[in-house]
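Note sheet for the following structure.
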Amino acid sequence: MSLESSQERWPAAAGAPPEVALFIPCFVDQVTPEIGRDLVTVLERLGCRLRFPPDQTCCGQPAFNAGYRQEARALMRRFLDTFGNSEAIVCPSGSCTAMVRGFYPELAQSDPALAAAARRVGERVYEFSEFLVRRLGITELGAAFPHRVAVHDGCHMLRELHLKDEPRQLLRRVRGLELVEIDDAERCCGFGGSFSVNYGMISEAMAARKADALEAAEVDYVTACDPSCLLQIAGVLARRPGRVRTLHLASLLARGLASA
Amino acid sequence: MNAARQFRHAARAAAQDAEIAGILRFNIATYDAAVALGRGRFLDWREARRRAEAIKRDAIAQLDRYLEEFERRIIARGAAVHWAPDAAAAREIILEIARRHNVRRVVKSKSMVSEEIHLREALEQAGMATLETDLGEYIVQLRNEPPYHIVTPAMHLRREHIAGLFHQKLGTPADETSPEALVRAARREMRQRFVAADLGITGANFLIADHGLVAITENEGNARLCASLPPVQVVLTGIEKLLPRLADLALFWPLLATAGTGQPITCYNSLLGGPRRGGEPDGPRELHIVLLDNGRSRVLADAAQRELLHCIRCGACLNACPVFQTIGGHAYATTYPGPIGAALTPLLRGPAYDHLAYATSLCGACAEACPVGIEIHHQLLRDRAQAAAARRRPWSERLEIRALAWAAAKPRRFERAGRLARRLLRLRPQAIDGTRLDPLRPWTRYRQAPEPPPQSFRAWWRQRNSPPAPNSMAAEPPS
Amino acid sequence: MTSPIPESRNREAVLGAVRQALRHAASNPAERDAPAQASRSALEFPARGLFSIPAPGEAGVQRFLEECAANRTEVIQIGSEEQASAVLIKILESVMGLEPNPAAIPGAGPAGNTAVVAAGSEGLYVQDAPALRRLLSPLLENLSGRILWSSATACEENRAAGLTLAEALVAQTGSVIVGSDCGGRAASVLPELHIVYARASQIAPDLETALASLGGASANESLFDRASMASVVTGPSRTADIEKLLVLGAHGPRRLIVLLCMNA
Ligand code: SF4
């Protein structure tokens, strides 16, 4: 089920920014909460009214990816209950967005009512850069970030959500930022969830190739819309002598707003 | 050692082999450049894929009808059609044909299905000298290895390796490394064997229902020779190779060539309609077509996974796969390596190969490369679902997922469990980082772990949005 | 087969399993039917609109020549039959320079020999067709005894060249289609040199048209009712199995020459 880009479905809507329900993946909540905080900073700056539905936990992707569909289905039900009434749901992870929009319908297919609910919520969930560029129609935030920055295209962003240009559109409008296209921007960083620990030797070799490309391009930062990719890349970079740092797109923009 | 552990060892060794990494990188970069040019020859590559997918979907959805139509038409021209439920049956059918003709010498062209049923070994055991005549296959046969890649069997070798091999086996000069000379030497050697062969065996790339034809794609001409010189020919192929109509080849020939090598069309695309006709000067007196099931009908029975049968074995997904690029073809220890092999082998050969569906980051580069639009990465997820549902996964994994699902079932529980885990992790001394004592070793053996943050996002949010009240649950105290 | 009963049981086992799988799966809602509906017309003409195809006539010839240059087919444009004979004899002379391989060809003379086809065991293997008999008639003296007609014998190892007609040519890909009625199966693949004598009017614009003409307007006009095999040949035999480097003449001809008669 390849997912249509939101381009056709959600023309940039003028008018007041909507109320936004924050979908903070379990992993961001517990391991990289600063990305969530930076997301809040950026969205509030744009005038969005934010809500954090407190009943959310985990969308079920880890269970789904490992093949445990029953367990994943239970978490999907919780998610759909939690977010069922939200008009716009924004998530700082392409991967978790893809889980909801792309994989929930398959997970729910044996139950037509559930499948309908999954599709309804799937239409309202946005990845962060997608929300800004497609839904709000905003690319200029007035941020400044005078550094050489490369983008890593997360696999779910790229191949499930078909979002490649959206983060770049935002970065191009950041003052002082030099956007660098690296070799292999679309190559998988090797994270892959449980793959990264079950087959660490393969995962590491994949990440090393990404790190090679970043170091060869002599960038200061690599940014992405997936905290898990960044964790993998940062983990490998930290053990190398190079000086490339990782930064989630929301964090980059939040910093850029602060210093502008 | 079981297949999963063997895989792990082989993958580790290959991932650390800098020489093979260089060879693969060079080969695949050359391939990528050729394919980029080749795709440019299509006015609309995506539309081509959509149509190919629609045609294969139709072919597979009416496979029984198309198989019978193919059979009826090619039998009418004097070919014999044999049906093999499994590998053993296919081997027996072919051995029986060979025995009936007192076959001593066999020439073969490239056929992954023959690898699947270990045909060459069976023929040799029965005392028939069997020669792989595709140059790449010939090289790996001389090295006593399985093919490394389904389209480029000797992808893992430099010309120096091949020169050394030919020097040893064919007596070429030790310093002769020019590809021209090496190809000449192999050609000369194999010509003798072609002329003397009693049986020719080929695969098939497509079976054409509406005209009853076998379509064979190649560049070298060895398959044509296998179909021209020996007095008896066997075509061995899988039941999923059907295309409804001859006209479909106007799409599938360029598509296969482009995805396989970047060529606009391969050098030789042959159509076999039957054995030699009266009045023809050459060609086999008998043509036997062996249609192999060997698990394919099982895949067919699962509507969600049957698109795996659309595969035209172009090899594009192997080249695109970062895991294949890291571990190469032999580590898989399967007939079909790479993404399509990882998705298909657990279904065709059973749970012993479940691990392959897990040895992937699910990045989807394979699906993007696939000329018939198979969503291979989603099929890998479905393989995993089957393995987990049948309780074939390790208990530890099951426990982890259950624990996660249990914790995430209630927000309060989730928060407490997260807080506890972060506290414990903050006690992890830096000195054990990455060592066997490290509870995070599966991660930290290969990369640094992040510092567990003192406060979760939800705690921060609560604190920020409600005025601090004493004894409230709102503020999670920084631990 | 010695035991026909298991064979028919095998047939039922495989076809039965296929039928049951299809019945079983048809009711599964997971089946995505959207793409199949999407392209009904694509199922009719699978390649239509996907490639740039030359208009028939002059453009087709031009495209054929370009594609052949790219795939290493040598095309010689010919105005008349006499001219064709003259060109052919030149080629046959030069064949002597085509890697005289003393190891494989016992008695191969040194290059520069004045005889047209001097090597003892060699010869020119020719499809027995009126057009080729006419083409060769001025050369019969030079070639006496060295022509092997397909009506008399099969093409064997060590022929200097195979000379055949073609079923059709394809502009889109620069291909030559040879059937087994073009002097058999080996004539166009076994010798080091394959020479095709064809007319420009045989050029089909694309694969779709060429395949349709092979299939015939109705089932019994198919090429395969008179020929047991056909090959779409696009350039000389090749391999890139060694370090992705292109080498011509892997198993089949190292050279493919098309004598293209321009007048209908
Ligand atoms: S799955 Fe697709 S890309 Fe892979 S070999 Fe088959 S047809 Fe080619």
Checklist entry - Out of curiosity, is B:Ile376 closer than 21 Å to A:Tyr199 by Cα and at the interface with chain A (Cβ under 7 Å from one of its Cβ atoms)? => result no
Checklist entry - Considering region B:335-346 alone, what residues qualify as being at negative phi and within 13 Å of the ligand (Cβ to nearest atom)? => result B:Thr335, B:Tyr336, B:Pro337, B:Pro339, B:Ile340, B:Gly341, B:Ala342, B:Ala343, B:Leu344, B:Thr345
Checklist entry - With respect to A:Ile233, is the statement that it is of a type in the set (Val, Ile, Thr), closer than 26 Å to A:Cys26 by Cα and under 21 Å from the mean Cα position of the chain (by Cα) true? => result yes
Next on the checklist: For region A:245-260, give me the residue count where each residue is surrounded by 22 or more Cβ atoms within 10 Å (Cβ to Cβ) and not polar (S, T, N, Q).
Outcome noted: 8
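Results for (1) closer than 19 Å to B:Ile374 by Cβ; (2) of a type in the set (Asp, Glu), shown as yes or no for each residue.
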site: B:Asn27; (1), (2): no, no
site: B:Asp32; (1), (2): no, yes
site: B:Ala36; (1), (2): no, no
site: B:Arg39; (1), (2): yes, no
site: B:Arg49; (1), (2): yes, no
site: B:Lys56; (1), (2): yes, no
site: B:Asp64; (1), (2): no, yes
Item to check | Counted residues, region C:241-264 - those being within 14 Å of chain B (Cβ to nearest Cβ), within 23 Å of C:Leu136 (Cβ to Cβ) and assigned to a strand (DSSP E or B) | outcome: 2
Checklist entry - Going by the structure shown, is C:Ala210 more than 7 Å from chain B (Cβ to nearest Cβ), without any contact (Cβ under 8 Å) to a residue 60 or more places away in the chain and buried (at least 24 other Cβ atoms within 10 Å of the Cβ)? => result yes
Checklist entry - Just for region B:363-373: of the residues that are among the aliphatic types (A, V, I, L, M) and buried (at least 24 other Cβ atoms within 10 Å of the Cβ), which one is farthest from B:Gln263 (Cα to Cα)? => result B:Ala365
Checklist entry - Could you list, in sequence order, the residues of region C:184-203 that are more than 7 Å from chain B (Cβ to nearest Cβ) and either without any contact (Cβ under 8 Å) to a residue 60 or more places away in the chain or aromatic (Phe, Trp, Tyr) (or both)? => result C:Tyr197, C:Gln202
Checklist entry - When region B:186-213 is examined, which residues are found to be in contact with a helix residue (DSSP H, G or I) (Cβ under 8 Å, 6 or more places away or on another chain) and either within 9 Å of chain C (Cβ to nearest Cβ) or basic (Lys, Arg) (or both)? => result B:Ala186, B:Met190, B:Phe194, B:Asp210, B:His211, B:Gly212, B:Leu213
Checklist entry - Does C:Ala210 satisfy the criteria of being within 23 Å of C:Phe51 (Cβ to Cβ), modelled with pLDDT of 95 or more and over 15 Å from the mean Cα position of the chain (by Cα)? => result no
Next on the checklist: Please determine whether any residue of region B:289-300 is more than 16 Å from the ligand (Cβ to nearest atom), of a type in the set (Gly, Ala, Ser) and buried (at least 23 other Cβ atoms within 10 Å of the Cβ).
Outcome noted: yes
Checklist entry - Among (1) away from chain C (no Cβ under 12 Å); (2) closer than 26 Å to B:Tyr353 by Cα; (3) buried (at least 20 other Cβ atoms within 10 Å of the Cβ), where does B:Ala98 come up short? => result (2)
Checklist entry - So, of the residues in region B:301-328 that are outside any helix (DSSP H, G or I) and aliphatic (A, V, I, L, M), which turns out to be modelled with the highest pLDDT? => result B:Ile312
Next on the checklist: All but one of (1) away from chain C (no Cβ under 13 Å); (2) in contact (Cβ under 8 Å) with a residue 12 or more places away in the chain hold for B:Leu67; state the number of the condition that does not hold.
Outcome noted: (1)
Checklist entry - If you scan region B:247-281, which residues turn out to be within 14 Å of the ligand (Cβ to nearest atom) and in a loop (DSSP other than H, G, I, E, B)? => result B:Thr261, B:Gly262
Item to check | Only one of B:Arg143, B:Arg159, B:Arg191 that is within 26 Å of C:Arg159 (Cβ to Cβ) and out of contact with any Gly (no Cβ under 7 Å at 6 or more places or on another chain) | outcome: B:Arg191
Checklist outcome for this item: Reported set for region B:307-333 where residues are away from the ligand (no atom under 13 Å from the Cβ) and either in contact (Cβ under 8 Å) with a residue 40 or more places away in the chain or within 30 Å of B:Glu92 (Cβ to Cβ) (or both) is B:Pro322, B:Gln325, B:Thr326, B:Ile327, B:Gly328, B:His330, B:Ala331, B:Tyr332, B:Ala333
Checklist entry - Of (1) away from the ligand (no atom under 16 Å from the Cβ); (2) at pLDDT 95 or above; (3) more than 10 Å from every other protein chain (Cβ to nearest Cβ); (4) in contact with a Lys or Arg (Cβ under 7 Å, 6 or more places away or on another chain), B:Arg416 satisfies all except one. Which? => result (4)
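Listed here are the residues, each with its yes/no results for (1) more than 30 Å from B:Glu53 (Cβ to Cβ); (2) away from the ligand (no atom under 16 Å from the Cβ); (3) outside any helix (DSSP H, G or I).
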site	(1), (2), (3)
B:Leu381	no, no, no
B:Ala385	no, yes, no
B:Glu400	yes, yes, no
B:Ala431	yes, yes, no
Item to check | Matching residues in region B:354-364 - criterion: being more than 16 Å from A:Ala205 (Cα to Cα), facing chain A (nearest Cβ under 7 Å) and within 15 Å of the ligand (Cβ to nearest atom) | outcome: B:Gly364
Checklist outcome for this item: Condition set within 29 Å of C:Arg48 (Cβ to Cβ) and of a type in the set (Phe, Trp, Tyr), scope region B:17-69, selection surrounded by the fewest Cβ atoms within 10 Å (Cβ to Cβ): answer is B:Trp45
Checklist entry - Would region A:205-219 turn up any residue that is within 9 Å of chain B (Cβ to nearest Cβ) and more than 21 Å from the chain's Cα centre (by Cα)? => result yes
Checklist entry - Which one of A:Pro62, A:Pro54 is surrounded by fewer than 19 Cβ atoms within 10 Å (Cβ to Cβ) and facing chain B (nearest Cβ under 8 Å)? => result A:Pro54
Checklist entry - Of all residues in region B:403-413, how many are in a helix (DSSP H, G or I) and within 7 Å of another protein chain (Cβ to nearest Cβ)? => result 4
Next on the checklist: Checking the conditions here, which among A:Ser194, A:Ser129 is of a type in the set (Gly, Ala, Ser) and within 14 Å of chain B (Cβ to nearest Cβ)?
Outcome noted: A:Ser194
Item to check | Given (1) within 28 Å of C:Glu192 (Cβ to Cβ); (2) crowded, with 24+ Cβ neighbours inside 10 Å; (3) aliphatic (A, V, I, L, M), number of the condition B:Leu165 does not satisfy | outcome: (2)
Checklist entry - Out of all the residues in region B:217-227, is one or more more than 9 Å from chain C (Cβ to nearest Cβ), surrounded by fewer than 24 Cβ atoms within 10 Å (Cβ to Cβ) and among the polar types (S, T, N, Q)? => result no
Checklist outcome for this item: Within region A:111-144, residues being of a type in the set (Asp, Glu) and surrounded by fewer than 22 Cβ atoms within 10 Å (Cβ to Cβ) number 3
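The values are calculated or read from the model by the stated rules, or taken from the named source; none is laboratory data. Here the structure is a predicted model, which is why all the values come from computation and not from measurement. For neighbour counting, all protein chains shown are included, and Cβ atoms are generated from backbone atoms with ideal geometry for every residue, glycine included.
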